[in-house]
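Visitor: One structure follows; several queries about it will come next.
What follows draws every value from the coordinates through simple rules; no lab data is involved. Keep in mind the model is a prediction, meaning the values are calculated, not measured. Because the Cβ atoms are built from the backbone with ideal geometry, glycine has one as well, and the counts that use them run over all protein chains shown.
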Amino acid sequence: MPELPEVETIRRGLEPVRGRSIASATFGLPRLILGSKAGELTRQLRGQRIDDVLRRGKYLVLKLDRDILIVHLGMTGQLTHAPAKAVEDPRFLRTVTGMQKPLGVHPVDKHTHAILHLDDGSRVQFRDPRTFGKIIFIVGHEWEKNPRIRILGEEPLELKIPAFLKKHFPSNSRRPVKALLLDQSFVAGVGNIYADEALFASGIHPKTLVASLQVAETTRLLNAVKTVLKKGIRYQGTTFSDYRKPDGSSGDNYERLMVYGRGGRPCRSCGTPLVKIVVAQRGTVFCPRCQPLHTGKGRAKGSGKKHATLKTMDKVRRPSHN
Ligand SMILES: [Zn+2]
């Protein structure tokens with residue numbers, strides 16, 4: 001599933017569409033559309049200029065001159081920009097996160113469910129083989145009030161960690177810390193890959209109870225979240241430009257990941273075999289030596305600063321889908 005770095009990479013790839021107008025639009029799978037109907041949406045979008053391409057968590061936001069079009073990629077969604085005279089190539093490459101990306105401009109096929117034809121002859125295509133994606137149309141510009149967007153937590157790359165923790169850290173939560181990282185109402189955009197990577201980078205066992213975390217650990221964890229996300233954004237670019245094997249069969253995919261997808265293989269730091277377990281209903285890989293599970297008893301009294309208890313419950317928003 002695309003997470004923040006993948007969606008951010010796609011957003012950057014869409015920058016050339018800024019300032020272009022939608023000449024026409026076609027939608028092949030009406031059930032992917034929310035906020036309008038396929039035929040109606042075609043009419044609503046016609047002639048609108050794309051003023052900006054934004055990202056919020058795992059959502060891509062096309063800001064049009066009158067309205068908003070939001071895309072969630074679901075499990076396998078791809079949003080690409082095909083320049084007018086681009087040579088089509090039906091092949092895919094597998095990226096560092098295991099996600100498939102078109103090698104060049106992918107031709108329209110049976111999985112292409114939406115096409116925006118732009119005024120310069122180029123097109124924006126939404127392709128989604130497993131069809132868990134969503135296209136959300138919002139009349140006007142108040143997209144941040146949309147129920148799916150409103151519940152999102154802060155953008156992890158913009159976090160001011162001490163202030164964020166004071167305001168939003170659920171210090172009484174009995175959930176495992178991995179579940180908290182996956183909760184889009186805590187921070188937006190982290191999924192399974194980057195949660196596992198951040199936990200490894202900060203030496204925290206994925207089953208550690210949120211309530212038992214000390215301020216220093218949580219700070220380390222959120223700094224690690226930022227680091228692995230930034231690294232993900234950077235590698236996505238590297239994968240695009242340097243990859244030379246179009247069949248995607250190369251074992252290089254996971255070269256840069258420390259734990260995700262590496263269960264049973266040796267820890268890159270200490271050599272101990274990595275262990276795969278299930279936490280928060282998700283496959284989770286960690287190193288039992290680098291990420292020991294501390295229980296309350298195992299901790300020396302007063303060994304670290306505890307989180308202050310939140311005074312109000314208003315920050316504990318309802319969890320959203322990943
Ligand atoms: Zn290790």
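Visitor: Of D51, D67, D128, D196, how do they rank once you tally other Cβ atoms within 10 Å and put the fewest first?
Guide: Listed from fewest to most nearby Cβ atoms, that is D51, D67, D128, D196.
Visitor: Could you tell me which of rounded, prolate or oblate describes region 1-127, using a ≥ b ≥ c as the square roots of the eigenvalues of the alpha-carbon gyration tensor, with rounded for a/c under 1.5 and, failing that, prolate when a/b is larger than b/c and oblate otherwise?
Guide: Since a/c stays below 1.5, the shape of region 1-127 is classed as rounded.
Visitor: Using Cα-Cα distances under 8 Å and only pairs 6 or more residues apart, what relative contact order does the chain have, in percent?
Guide: It rounds to 19 percent for the chain.
Visitor: Take every Cα-Cα pair in region 69-147 and report what % of them are more than 15 Å apart.
Guide: Across region 69-147, Cα pairs with separations above 15 Å total 61 percent.
Visitor: Helix-derived [θ] at 222 nm for the chain: sum -39500 (n - 2.57) over DSSP H runs of at least 4, divide by residue count, nearest 500?
Guide: -7000 deg cm²/dmol
Visitor: Taking other Cβ within 10 Å of each residue's Cβ, how do Y235, Y194 sort, fewest first?
Guide: If I rank by nearby Cβ atoms, fewest first, I get Y235, Y194.
Visitor: Of the peptides 200-213, 15-28, how do they stack up when ordered by the mean number of other Cβ atoms within 10 Å, highest first?
Guide: Peptide ranking by packing, descending: 200-213, 15-28.
Visitor: Mind running the shape call on region 97-187? Use the C-alpha gyration tensor, a ≥ b ≥ c as the square roots of the eigenvalues: rounded below 1.5 for a/c, prolate if a/b tops b/c, oblate otherwise.
Guide: The shape class here is prolate.
Visitor: Could you work out how far apart the two model spin labels at L103 and E142 are, taking each label as a point 7 Å from the Cα in the direction of the beta carbon, and quote it in nm?
Guide: Spacing of the two 7 Å Cα→Cβ label points: 4.9 nm.
Visitor: Still on this model: Are there any GluC sites (Glu not before Pro) in region 100-163 that are in a DSSP loop and have at most 12 other Cβ atoms within 10 Å? List them by number.
Guide: Passing sites in region 100-163 are E142.
Visitor: With the dipole of the chain worked out from charges on the C-beta (+1 for Lys and Arg, -1 for Asp and Glu) around the Cα centre, which of G28, G261, I161 lies farthest toward the positive end?
Guide: I161
Visitor: Turning to a different aspect of this structure: Take every DSSP beta bridge with both residues inside region 47-157 and express the antiparallel ones as a percent of the total, to the nearest 5.
Guide: DSSP beta bridges in region 47-157 are roughly 95 percent antiparallel.
Visitor: Starting from the Cα-Cα distance between T309 and A23, subtract it from 0.36 nm times their residue separation and give me the gain in nm to one decimal.
Guide: The span from T309 to A23 would gain 97.6 nm if fully extended.
Visitor: With a ≥ b ≥ c the root eigenvalues of the C-alpha gyration tensor of the chain, is it rounded (a/c under 1.5), prolate (a/b larger than b/c) or oblate?
Guide: oblate
Visitor: Right, another one. Please state the charge dipole magnitude for region 83-182, taken about the Cα centre, from unit charges on C-beta atoms (+1 on K and R, -1 on D and E), reported in debye and rounded to the nearest 20.
Guide: In total the dipole reaches around 680 debye.
Visitor: Under a Cβ-only charge scheme (Lys and Arg +1, Asp and Glu -1), can you give me the dipole magnitude of region 1-90 about the Cα centre, in debye to the nearest 20?
Guide: The calculated dipole for region 1-90 is roughly 300 debye.
Visitor: If you don't mind, another one. Dipole of the chain, Cα-centred, from +1 at each Lys and Arg C-beta and -1 at each Asp and Glu C-beta, to the nearest 20 debye?
Guide: 1360 debye
Visitor: Relative contact order for region 1-114: what percent, with Cα pairs under 8 Å and sequence separation of 6 or more?
Guide: This gives 25 percent for region 1-114.
Visitor: Quick one: if the Förster radius is 25 Å, what FRET efficiency do N172 and I277 give, using the C-beta to C-beta distance and rounding to 0.05?
Guide: 0.55
Visitor: Per-residue counts of other Cβ atoms within 10 Å, averaged by peptide: what ranking do you get for 264-272, 172-180, 276-284, highest first?
Guide: Highest to lowest by the protection proxy: 172-180, 276-284, 264-272.
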